[in-house]
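Heads up: the structure comes next, in structure tokens.
No lab work stands behind these numbers, since they all come straight from the coordinates. Owing to the predicted nature of the structure, the values given are computational and were not obtained by experimental measurement. Note that we place each Cβ from the backbone using ideal geometry, even for glycine, and neighbour counts take in every protein chain shown.
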Amino acid sequence: HGTSRINESGHLEIGGCDTVQLANQYGTPLYIVDEQLIRQKMRAFVGAFEKTGLPFQVGYASKAFSTLAMCRIVDEEGLLLDVVSDGELYTALHAGFPAERIYFHGNNKSPFEIEYALDAGIRLFVADNFIELEMLQVLAEQKGKKANVILRVSPGVEAHTHAYIQTGQEDSKFGFDLSSGQAHQAALQAYHASHLNLEGFHCHIGSQIFETEAFRLAIDKMARLAKECYEQYGIQTRILNVGGGFGIRYEENETPRPVEQYVQTIASAVTRAFQRLPQIPEIWIEPGRSIVGEAGTTLYTIGTVKEVIGVRKYVAVDGGMTDNLRPALYQARYEAMLANRAAEEADETVSIAGKCCESGDMLIWDIELPRVTQGDLLAVSCTGAYNYSMANNYNRIRRPAVVFVQNGEADLVVERETLQDIISQDRIPKRLLRKEQ
Ligand code: LLP
């Protein structure tokens, strides 16, 4: 992927940086992020939309990977930023990301989060439910502001990796239901609310989607809603956000569509579906995984090896479900290679275990590698999305450092947690203190 190659020393090199040197300098486990590849992906989405000649905005879904440095890159590339919590908003604002390009998602925004975002002056809220609409109206009124909103609609199209299903009523915690008329009712309520400015609609049909057809189907349903809202209430749809979810290639045999194909499908579906309406809305997308997923590689040091004779060889690394929860949570599959012996032929099948005290902490089952020994470096690819962002301190394991690499330079963008960090929020009640403490 991206700028990675095997260098003259037989080491894996990413962004012009030798991963063996990175391991020496920063330690392992280490998240390595290929900055050039992130920028390329962002430009691919923007470029594909530019070709369509339609109005558009590309947003980046922070939840996939959010740090101060990442927000700087999103800003430099001119994208919008989707945040879903006060923490993601704080990160963006602290990075100097312009509030007028930030918008807020989530099915249970707190009053604090709404006030924080209103005070910051974000671009808009993706309103999810009736209670939120009411909170937005009340809090905006108190502040003498008008909150821009688009409504999250659950369109009854659910896309999975290799298929989509269509349901009448979607059984989901997110958004206003379309088939029951909730979405229409919410639109009417938002339209008439004195301190809300309804700008359009949003849907997100799933993640790691391989088929473009699911987007077409969802867009048709959203356009029908827009048409009915226009004809019945005179509401105009200025923004149609069709979410993220574009698939990436975690394994060699997977075949997601190229970015251009998703964008073309979306553009032509919107053009066709809105042709009888007074205007084509500005089309928004908000990919996360397809921007950062392939740009991330996790580097581990191999520790212990255990062979269950005649059954399996377990190779343990110095991380696991604390830095990559996805195999344990979703049975996600990854590919890996030896970073320090990248040119060598594979000659055995092993399974990669994490170091957590839990049998389910297995990163990869049955992978072909050269015969490994303690101290070898394992590079797991495509770990840029939902790895660092879902990292945790189970077993009180410290979260890894993150480095950005580009043009042979490495920059530390997140420090490795220290042992002190592990207890930094702990407090001992007085009655449990030892005398000498
Ligand atoms: N927009 C909305 C409203 C979303 O809920 C999501 C992801 C996205 C955009 C970005 O989707 P992406 O382009 O990254 O697929 N933790 C899971 C993925 C959860 C996705 C949640 N929503 C995983 O590791 O696969």
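Assuming charge only on the beta carbon of Lys and Arg (+1) and of Asp and Glu (-1), the dipole of the chain about its Cα centre is about 940 debye to the nearest 20. Its relative contact order, with pairs defined as Cα atoms under 8 Å and 6+ residues apart, puts the stretch 35-291 at 20 percent. Put a plus charge on the Cβ of each Lys and Arg, a minus charge on the Cβ of each Asp and Glu, and nothing anywhere else: the dipole of the stretch 291-437 about its Cα centre is then about 1060 debye. Given their separation in residues at 0.36 nm each and the Cα-Cα distance between them, residue 220 and residue 260 gain 12.4 nm when the chain is fully extended. As a ratio to 2.2 N^0.38 Å, the alpha-carbon radius of gyration computed for the chain takes the value 1.07. Summing +1 for each Lys or Arg and -1 for each Asp or Glu, what net charge is found among the other residues whose Cβ lies under 12 Å from the Cβ of residue 23? Result for the neighbourhood of residue 23: -3.
Can you check what the net charge comes to around residue 116, using other residues whose Cβ is under 14 Å from the Cβ of residue 116 (Lys, Arg +1; Asp, Glu -1)? Overall, the nearby charge balance is -2. Treating r as the C-beta distance of residue 232 and residue 392 and R0 as 60 Å, the FRET efficiency rounds to 0.80. Only helices enter the 222 nm calculation for the chain: every DSSP H run of n ≥ 4 contributes -39,500 (n - 2.57), and dividing by all residues gives -9000 deg cm²/dmol, rounded to 500.
The aspartates and glutamates within cross-link reach of residue 221, meaning a Cα-to-Cα straight distance under 18 Å and a gap of 8 or more places when in the same chain, are 128, 158, 170, 171, 177, 199, 211, 213, 231, 282. Compactness check for the stretch 35-291: Cα Rg over 2.2 N^0.38 Å is 0.96.
Using Cα atoms only, what is the angle between the long axis of helix 213-233 and the major principal axis of the chain, expressed in degrees (0 to 90) to the nearest 10? So the helix axis and the longest Cα principal axis differ by about 30 degrees.
Across the cross-link table entries 109/146; 63/173; 51/173; 63/109; 41/145; 109/145, which are compared at the Cα atoms, the separations over 26 Å belong to 51/173; 41/145. The length gained by stretching the chain between residue 21 and residue 99 to full extension, at 0.36 nm per residue less their Cα-Cα distance, is 24.2 nm.
Between residue 108 and residue 275, the simple spin-label model (points 7 angstrom out along Cα→Cβ) gives 4.5 nm. Between residue 115 and residue 51, the distance separating the two model label sites (each 7 Å from Cα on the Cα→Cβ line) works out to 4.9 nm.
Considering only alpha-carbon pairs that sit under 8 angstrom and 6 or more positions apart, the relative contact order computed for the stretch 316-437 is 26 percent. Our estimate of slack between residue 422 and residue 434, defined as 0.36 nm per intervening residue step minus the Cα-Cα distance, is 2.3 nm. Model label sites at residue 348 and residue 5, defined 7 Å from Cα along the beta-carbon direction, differ in position by 3.2 nm. In the distance distribution for the stretch 47-161, Cα-Cα pairs more than 22 Å apart total 38 percent.
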